[in-house]
Amino acid sequence: MRARGLAALLLAASTALAACGGLPSTGPVVEGRALGEVLNEPVRVVAVGPFDGASQEAVVRGFLRAGEDTDETHATGQAFLTPQSVDLWRWSSEDVVVYDGDLTVRRLGDDTVEVSADALARLTPDGRYVEQPPGTREKVTFGLTKVGGEWRVELPKSGFGLWLDNDQFNRVYVNRVVHYVTRTGRDLVPDSRWFPIGSRLATTLARAQLSAVPSHLAGAVSTGVPAGTRLAVNAVPVTNGRAQVNLSSEALSADPAGRAAMWAQLSKTLSQIASVSSVSLAVDSTQLELPGGVTTVSSAAELGYDVVPKTFLDTAQLRTGDALRRFDPRYVPDTQDAKRPDLKPKDGDIARIPDTWRSLALSVDSKQVAAVSANGRDLSIWRATEQPRTVASFATSLIRPVYDADGYLWIAGSDEQGDDRVFVLDSVSSDPDSAPKPISTPWLGDRRVKAIAVAADATRVLIVTTDRSGGDEQLGLSGIVRATNGEPQALAQPLRQAQSLTRIQDVTWLDPVGYAVLGQERKGDPMRAWLATIGAGVDGTRTGAARLGAVPGAVTITTVGGPRGIIIVTSDNRVLARAGSNWPLIERGSDVLVPGG
């Protein structure tokens, strides 16, 4: 009741707020833990300094190991350096190399060594985890000189950040999300990044939340934080569970709706810290208030904001030949002859689609099925109560379509000039002659679209593209730019994902920040499913993602609910459900349809 009352009060008092000093914020969100799962704060890591008489190699290795020290001064690591190199060590700049296996230290001369390692990823200054192609070798050259009779490291003149093996990286950094707001409505859109673990996590999260919308979401989301707003004090203290965010005066320029959004964003983001149970805002140390004099709120939901979850389903639809029927994807038969549950169709289910139509897609409300002709030149839409509608020809080499939560049908293909375009069709339009419209994707260039998956918030897509010959497969995350009436207009420049995979077959969303992808890491590897978080990599040996069992011939992947509900369809019409890392056969068919999947 308090949540609904406060949200309503905000709406009613928006005009009055325009003259007020500001708003407060919120904190812990139990239902939001799944996004940036926070249970206990990580254990502090303490590095060991140099010892007398250490060899050149021991000093170099000791310095690199000291990078995982969570002490905010990094004084131990600095003890390995010459005085002139202390300012060249950019341990706080997020210039981080994540490597696998052992370091190789090779002497190049009496006072120079080269260090090399197999690189897994680089961390960008804004916390993006950028996977490196398999076989990438990272190298750096250090000088060595004696200071007080002991060897010390001279860093490159261009500076140096951190080299961490995968275990160290996961002790020093944590994957968390910041939140933006859909341009219409009150849905929060998460954006995953990596942050240094330590007592200043609340500060670094707040600072990230105050930054501008990233380029891959530009035009798709907004922020309630006015441009130029920063922390007035370089700290976000947490006292008795309350995080106090003290903002600069620019925050006062937000209109009432913007102030509510800013508060909701900070609340949702800071709630990922286990010690935070509420959030307050201030401007230049003057406490901000919500209507009614409220100065702290315990969740973004109290302001009417939250993340759109992925729906969990107890049934899906299976296509066998030209017949469609419901089935229970959770039922794994003991034997091939075991009797399967007989599920009755629901109102609006489509019973038959000729097998000359392929690549079926089900609308979010389950009232429509879209399909592509066998020659990839035509698109048709079926409804239970109407004759099928074949859309006037608009492209060739059409891919599998997908519906979004706003009723738009997404598809890609080659236009009359042979260029690949992404098209959208308003599937709920009353105009029987409405046609797919191309949207702006200048970044696509001469690349081709292979697969599209739309997030439940209808604000982001995962998009698989290839070069014109079908090679160089890439996965990207892109924001959907919409007109004021909600019609998609463009896709923002994608943020690369799953860079370590050399082949990508298909992709599906698992939750607001998680996805599953069918792919191969190396040529000749079997096709398999990989589970990952946006911005966290796909290899389970790296950042907590999962490398599932191989599925030869896998063609499509979808889910009826998170990572445990994954279903794969193969080229020989086997329908497989995930059971741990195994893939038992549950049905046979050419298509599995889930709403919006």
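The values are calculated or read from the model by the stated rules, or taken from the named source; none is laboratory data. A quick note: this is a predicted structure, and the numbers were derived from the prediction, not measured. Virtual Cβ from ideal backbone geometry, glycine too; neighbours counted across all protein chains shown. Accessible surface is based on the protein model in full, side chains and every heavy atom, while ligands, DNA and RNA are left aside. Shrake-Rupley method; radii C 1.70, N 1.55, O 1.52, S 1.80 Å.
Ligands, DNA and RNA are left out, and with a 1.4 angstrom probe the accessible area of the chain is 42 Å² per residue. Can you grab the distance from the C-alpha centre of region 487-541 to the C-alpha centre of region 429-443, Å, no decimals? First find each Cα centre; the distance between them is then 27 Å.
Here's the picture: a label point sits 7 Å out from the Cα of ARG468 along the beta-carbon direction, and within region 432-452 the residues with their amide nitrogen under 13 Å of it are 445-448. Measure nothing fancy, just the Cα-based angle from helix 256-270's long axis to the longest principal axis of the chain, in degrees from 0 to 90, nearest 10. Once rounded, one gets 70 degrees. The slack in the chain from THR73 to SER92, taken as 0.36 nm per residue of separation less the alpha-carbon distance, amounts to 5.9 nm. Distance from the Cα centroid of region 140-210 to that of region 258-301 is 25 Å (rounded to whole angstrom). For region 129-134, the Karplus equation 6.51 cos²θ - 1.76 cosθ + 1.60, evaluated at θ = phi - 60°, returns couplings of 8, 9, 5, 9, x, x Hz by residue, with Gly and Pro reported as x.
For VAL283, nonlocal amide neighbours, meaning residues 5 or more places apart or on other chains whose placed amide H falls under 5 Å from its own, are LEU247, LEU288. When the chain is described by a simple charge dipole with +1 on each Lys and Arg Cβ and -1 on each Asp and Glu Cβ, the residue from ALA536, LEU103, GLY376 located farthest towards its positive end is GLY376. DSSP beta bridges confined to region 189-345 are antiparallel in about 60 percent of cases. The angle separating the long axis of helix 56-65 from the principal Cα axis of greatest extent in the chain is about 50 degrees. Annotation note: trypsin sites (Lys or Arg not before Pro) in region 497-597 located in DSSP loop regions with a Cβ neighbour count of at most 13 within 10 Å are ARG522, LYS523.
If each residue of separation counts as 0.36 nm, what is the full-extension length gain between THR112 and SER215 once their alpha-carbon separation is subtracted? Additional length available on full extension: 33.0 nm. Using the Cβ-Cβ distance between GLU250 and THR286 with R0 = 22 Å, the FRET efficiency computed as 1/(1 + (r/R0)^6) comes to roughly 0.95.
Here the accessible area is traced with a 1.4 Å probe on the protein chains. For the chain, carbon and sulfur cover 50 percent of it.
Where both bridge residues fall in the chain, DSSP classifies roughly 85% of the beta bridges as antiparallel.
Residues of region 138-167 with an amide N closer than 17 Å to a point placed 7 Å from the Cα of LEU103 along the Cα-to-Cβ direction: 138-145, 151-157, 159-167.
Extending 7 Å from Cα along the Cβ direction at ARG330 and again at ARG522 yields two label points whose distance is 4.0 nm.
Each residue of region 372-377 was assigned a 3J(HN,Hα) from its phi angle through the Karplus expression (A = 6.51, B = -1.76, C = 1.60, θ = phi - 60°), giving 10, 5, 4, 8, x, 10 Hz with x at Gly and Pro.
Over the Cα atoms of the chain, compute the convex hull volume and normalise it per residue, giving Å³.
Looking at the chain, the number lands at 182 Å³ per residue.
Rounded to 0.05, the FRET efficiency of the THR141 and ASP446 pair, given R0 = 30 Å and the Cβ-Cβ distance, is 0.15.
Take LEU313: with every protein chain present and a 1.4 Å probe, its accessible area is about 50 Å².
Once the Cα atoms are used to define both axes, helix 2-12 deviates from the longest principal axis of the chain by about 90 degrees. Using a simple spin-label model with pseudo-atoms 7 Å out from Cα toward Cβ, ASP167 and ASP52 lie 3.1 nm apart.
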